[in-house]
Amino acid sequence: SNPLFKSAELTYNGADCTLRLYLKKTGAFYGWDSYYNEQGQLCFQFLNPAKVTTTTQNSYGVDLSGVFIVIDVGHGGSDGGATGTDANGTPWSESGRNMDLSYALRNELEKMGATVVFNREGVMTLPVDSRILSLLDAAPDLCVAVHQNFLAGYPNFGGFEASYYTPFSSLAAKQIQQYTQRTGIYSTNRLAWRNYFVGRQTVCPVVLTENGYMSHLPDLNGMLDPQVMERKAVAIAQGVADYFLLINGLKTN
């Protein structure tokens, strides 16, 4: 009756053993974690793909009721992240731009019925270890990390990137990257495998987004423009919507 696995096989190898779990369906693996419980038993936790339905009640065409999404809001507090200076000489911090875009993204995801939480609010400082622990505790259906990029010495270089680490995170990253590319907001648009710490977590698919370069004035201007920010949030949300439609077989890629 297990929704993911059709059978299990335990092989003893002298001092240790190997546990093999056989999937019912290829490509149905979307996250896992391991831990010891209070009885000292080694437990394995697996993420069942979230079930969604199509709808005509929103512009995205999908009902994400019951879907739990964590937005990892990059930097914050004493960790301001990257900085950029606008044409008037005013400095801006990455942490604030991450927060602004995260609010816009949450609004779009909630329009589809998703339950969305931030791992930080306002200007609080959140160390990387705390980010990881909160993600493990939450065990959501998807995590989207929101960042802005920076490249010293190259003020003319800008663009967007959606990155992933685990194979089961690649589909969500691809959908987000493709919809963002269609907006025409950025001069470059990339899908990439990256060895980022947050992205290496396996409890759920994780997509890390770099939403422009603070060292690139056109990108920075877009970060400060509410209308452009709204277009960015809609594109990411559409990528998330299509990801859940695809894994449910309600849409073909």
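The values are calculated or read from the model by the stated rules, or taken from the named source; none is laboratory data. All figures in this text were calculated on a predicted structure; none of them were measured in a lab. Heads up, the Cβs are rebuilt from the backbone with ideal geometry, glycines too, and the neighbour counts pull from every protein chain shown. Surface areas here come from the heavy atoms of the whole protein model, side chains and all, with no ligands, DNA or RNA. Shrake-Rupley method; radii C 1.70, N 1.55, O 1.52, S 1.80 Å.
How much of the accessible area of segment 1-42, probe 1.4 Å, is carbon plus sulfur, in whole percent?
Carbon and sulfur atoms account for 50 percent of the accessible area of segment 1-42.
When Lys and Arg each count +1 and Asp and Glu each count -1, what net charge do the other residues less than 11 Å away from LEU224, Cβ to Cβ, add up to?
Local charge sum for LEU224: -3.
Express the accessible area of segment 147-253 per residue in Å², computed with a 1.4 Å probe while the remaining protein chains stay in the model.
42
Let's test the formula: R0 of 51 Å, r as the Cβ-Cβ distance of LYS111 and GLU38. What FRET efficiency results, to the nearest 0.05?
0.80
If I stretch the segment between PHE197 and THR11 completely, what's the gain in nm (0.36 nm per residue apart, minus their alpha carbon distance), one decimal?
Contour length minus Cα-Cα distance gives 63.7 nm.
Find the centroid of the Cα atoms in segment 42-95 and in segment 136-183, then give the distance between the two in whole Å.
10
Can you match Cα extents along the principal axes in Å to one of these, [x] 59, 39, 35; [y] 68, 44, 28; [z] 80, 39, 31, based on a calculation from the structure here?
Label of the calculated value: [y].
For ASN156 and LYS51 in one chain, what is 0.36 nm times their gap in residues minus the Cα-Cα distance, to one decimal in nm?
Full extension of this stretch gives 33.5 nm more.
First measure r as the distance between the Cβ atoms of ALA28 and LEU217, then evaluate 1/(1 + (r/R0)^6) with R0 = 41 Å and state the FRET efficiency to the nearest 0.05.
For ALA28 and LEU217, the calculated efficiency is 0.35.
Who wins for biggest fluctuation among ASN156, ASN221, ASN48 in a Gaussian network model of the chain, springs between alpha carbons below 10 Å?
In the Gaussian network model the winner is ASN156.
Over the chain, what relative contact order in percent results from Cα pairs under 8 Å that are six or more residues apart?
About 22 percent, as a whole number.
Say we join alpha carbon atoms closer than 10 Å with springs in a Gaussian network model of the chain; which of GLU121, GLU161, GLU210 then has the biggest fluctuation?
GLU121
Heavy atoms only, probe 1.4 Å: what % of the accessible area of segment 103-227 goes to carbon and sulfur, would you let me know?
Roughly 55 percent of what the probe reaches on segment 103-227 is carbon or sulfur.
Just to be sure I understand: with springs between alpha-carbon atoms less than 10 Å apart, which residue in ILE69, ILE176, ILE132 has the highest mean-square fluctuation in the Gaussian network model of the chain?
It is ILE132.
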